[in-house]
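The values are calculated or read from the model by the stated rules, or taken from the named source; none is laboratory data. Just so we're clear, the structure is a prediction, and the values are computed from it rather than from any experiment. Using ideal geometry, Cβ is built from the backbone for each residue, glycine included, and neighbour counts are taken over all protein chains shown. Please note that ligands, DNA and RNA were not included when accessible areas were found on the heavy atoms of the full protein model with its side chains. Shrake-Rupley method; radii C 1.70, N 1.55, O 1.52, S 1.80 Å.
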Amino acid sequence: MNLADYLKEVPLLDHHCHFLIDGTLANRAQRTAMISSEADSSYYPLEDTKNRLAWWEFQAEAKKFSQDFDPLNVLTQQQYQQYCTNLFGHYGYRSLLIDIGFVPDNAILDLKETATLTNTSVYPIYRLETAAQDIMQKSVTFEQWWQALYAEVKMAKANGYVGFKSIAAYRFGLKITEVSEKQAKIAFEAWKKSSVVRLSDPQIISYLVWNLAPLMIKQDLPLQFHVGYGDADTDMYQGNPLLLRDFLQKWCLAGLKVVLLHCYPYHREAGYLASVFPNLYFDISLIDPLGPSAIERVLDEALELAPYTRFLFASDASTSPEMYGVAARRFKEALLAHFEKLTLLPLDAKKRYIDAICWQTSAQIYGIREEF
């Protein structure tokens with residue numbers, strides 16, 4: 001089987017994605033246009049969003065998997081089921097690891113329903129800051145908060161989670177350092193008094209990520225970090241993964257598996273880190289659907305230094321199936337272009353690396369035991 005045919009058939013384990021929404025909604029086309037950009041739709045003009053290549057790609061993707069209905073308009077449940085099954089099946093999606101901490105409006109929250117809709121297996125990822133916020137609202141003291149959070153994280157694997165995620169980059173940046181319990185307690189008390197639920201204090205986030213790492217190692221579960229490109233309110237300058245060096249030096253060497261998510265424009269930095277730290281993995285997910293004209297270049301640059309066994313497929317898709325479709329198609333096209341240029345590698349080696357990137361390495365680090 002040649003490389004192009006092999007890539008068409010290779011299964012995908014999407015290790016970083018989000019909830020789909022109800023397909024019977026009346027405003028699906030507008031919602032899909034909105035997710036074709038990371039701009040804040042409360043102030044960024046939707047008409048400008050529609051003048052991006054990603055929106056045109058999403059529309060083209062929708063037309064591929066339907067003949068007698070328009071998937072960007074209101075669908076019956078049966079039509080939505082048919083559409084999703086066809087799209088996810090066409091690209092070889094087998095497993096979805098969903099970050100349940102981000103919930104779009106009208107989300108399908110039942111993971112079993114998502115599994116049926118997409119004909120995949122679905123597993124949850126535990127978002128640390130969101131959980132910490134929820135527990136804070138039920139806790140009076142720092143000690144109560146920490147004990148409850150610690151107990152919940154300790155039981156994550158037993159409760160079905162396959163990994164953890166930190167959104168520190170959204171909240172203050174990636175300069176995570178060791179913080180004393182005394183400092184964390186003072187910061188927590190100020191947070192509690194502020195009546196602000198959103199956790200953004202660098203000391204609290206650093207304290208919880210640093211001190212929960214041993215529990216993650218004990219459960220053999222990876223920790224994901226948001227990196228670089230993302231929501232409009234993130235300070236991308238502070239989302240450079242090189243800022244994680246102290247954390248990585250401490251915990252990757254101690255056995256913690258760290259996964260850097262959607263690393264553009266820091267994909268080269270992420271690739272460098274994957275080439276010097278053990279237990280460190282990365283992806284370029286969000287650029288796949290939202291920067292489709294750049295994917296081949298970004299993928300090549302990401303792999304300038306990194307081992308193929310540290311690079312993972314992910315879509316970072318949410319809300320609409322079209323985003324999953326564009327991510328998978330563009331990623332597989334970029335992989336094909338990349339490996340076709342490498343005349344030094346034999347075909348069997350290229351196939352092994354494609355398997356590692358698309359599903360094998362993720363299955364290993366997240367402990368997904370099913371057959372691919």
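Yes or no: residue 336 out of contact with any Leu (no Cβ under 7 Å at 6 or more places or on another chain), open to solvent by 20 Å² or more (accessible area, probe 1.4 Å) and hydrophobic (A, V, I, L, M, F, W, C)? Against the criterion (out of contact with any Leu (no Cβ under 7 Å at 6 or more places or on another chain), open to solvent by 20 Å² or more (accessible area, probe 1.4 Å) and hydrophobic (A, V, I, L, M, F, W, C)), residue 336 does not qualify. Hydrophobic (A, V, I, L, M, F, W, C), out of contact with any Pro (no Cβ under 6 Å at 6 or more places or on another chain) and more than 21 Å from residue 234 (Cβ to Cβ) - does that describe any residue in segment 191-208? Scanning segment 191-208, I find no residue that is hydrophobic (A, V, I, L, M, F, W, C), out of contact with any Pro (no Cβ under 6 Å at 6 or more places or on another chain) and more than 21 Å from residue 234 (Cβ to Cβ), so the answer is no. Would you say residue 264 is over 16 Å from residue 172 (Cβ atoms), part of a helix (DSSP H, G or I) and either of a type in the set (Gly, Ala, Ser) or at pLDDT 95 or above (or both)? Judged against the criteria, residue 264 is not a match. Note on segment 117-150: residues that are within 23 Å of residue 362 (Cα to Cα), open to solvent by 20 Å² or more (accessible area, probe 1.4 Å) and out of contact with any helix residue (DSSP H, G or I) (no Cβ under 8 Å at 6 or more places or on another chain) amount to 1.
Restricted to helices (runs of 4 or more DSSP H) entirely inside segment 16-84, no element has at least 3 residues that are more than 25 Å from the chain's Cα centre (by Cα) and of a type in the set (A, V, I, L, M). All of (1) small (Gly, Ala, Ser); (2) touching a residue at least 24 places away in the same chain (Cβ under 8 Å); (3) over 21 Å from residue 90 (Cβ atoms) hold for residue 42 with one exception: (2). Considering (1) over 30 Å from residue 26 (Cβ atoms); (2) crowded, with 21+ Cβ neighbours inside 10 Å, the lone condition that residue 278 does not fulfil carries the number (2). Give me the residue from segment 151-180 that is among the charged types (D, E, K, R), out of contact with any strand residue (DSSP E or B) (no Cβ under 8 Å at 6 or more places or on another chain) and not in a helix (DSSP H, G or I) and, out of that set, surrounded by the fewest Cβ atoms within 10 Å (Cβ to Cβ). So, considering only residues that are among the charged types (D, E, K, R), out of contact with any strand residue (DSSP E or B) (no Cβ under 8 Å at 6 or more places or on another chain) and not in a helix (DSSP H, G or I), the one surrounded by the fewest Cβ atoms within 10 Å (Cβ to Cβ) is 178.
For the structure I just gave you, tell me whether residue 105 is among the charged types (D, E, K, R) and surrounded by 20 or more Cβ atoms within 10 Å (Cβ to Cβ). Answer is no for this residue.
Residues that are open to solvent by 60 Å² or more (accessible area, probe 1.4 Å) and aromatic (Phe, Trp, Tyr) within segment 9-65 comprise 43, 44, 56, listed in sequence order. Scanning segment 242-265 for residues that are among the aromatic types (Phe, Trp, Tyr) and either under 25 Å from residue 289 (Cβ atoms) or open to solvent by 10 Å² or more (accessible area, probe 1.4 Å) (or both) yields a total of 2.
Can you tell me which residues in segment 203-219 are free of Cβ contacts under 8 Å to residues at least 60 places away in the same chain and either under 13 Å from residue 145 (Cα atoms) or of a type in the set (A, V, I, L, M) (or both)? Scanning segment 203-219 gives 207, 213, 217. Taking every residue in segment 232-247 that is closer than 19 Å to residue 302 by Cα and at pLDDT 95 or above and pairing it with any residue that is of a type in the set (Asp, Glu) and part of a helix (DSSP H, G or I), at least 6 positions away or on another chain, the pairs with Cβ-Cβ distances below 9 Å are 240/269; 241/269; 242/269. In the set (1) over 23 Å from residue 162 (Cα atoms); (2) open to solvent by less than 50 Å² (accessible area, probe 1.4 Å); (3) among the hydrophobic types (A, V, I, L, M, F, W, C), residue 236 fails one condition alone, (2).
The single residue among 350, 332 that is in contact (Cβ under 8 Å) with a residue 40 or more places away in the chain, more than 19 Å from the chain's Cα centre (by Cα) and assigned to a helix (DSSP H, G or I) turns out to be 350. Here residue 90 meets each of (1) at pLDDT 95 or above; (2) open to solvent by less than 20 Å² (accessible area, probe 1.4 Å); (3) of a type outside the set (Gly, Ala, Ser) with one exception, condition (2).
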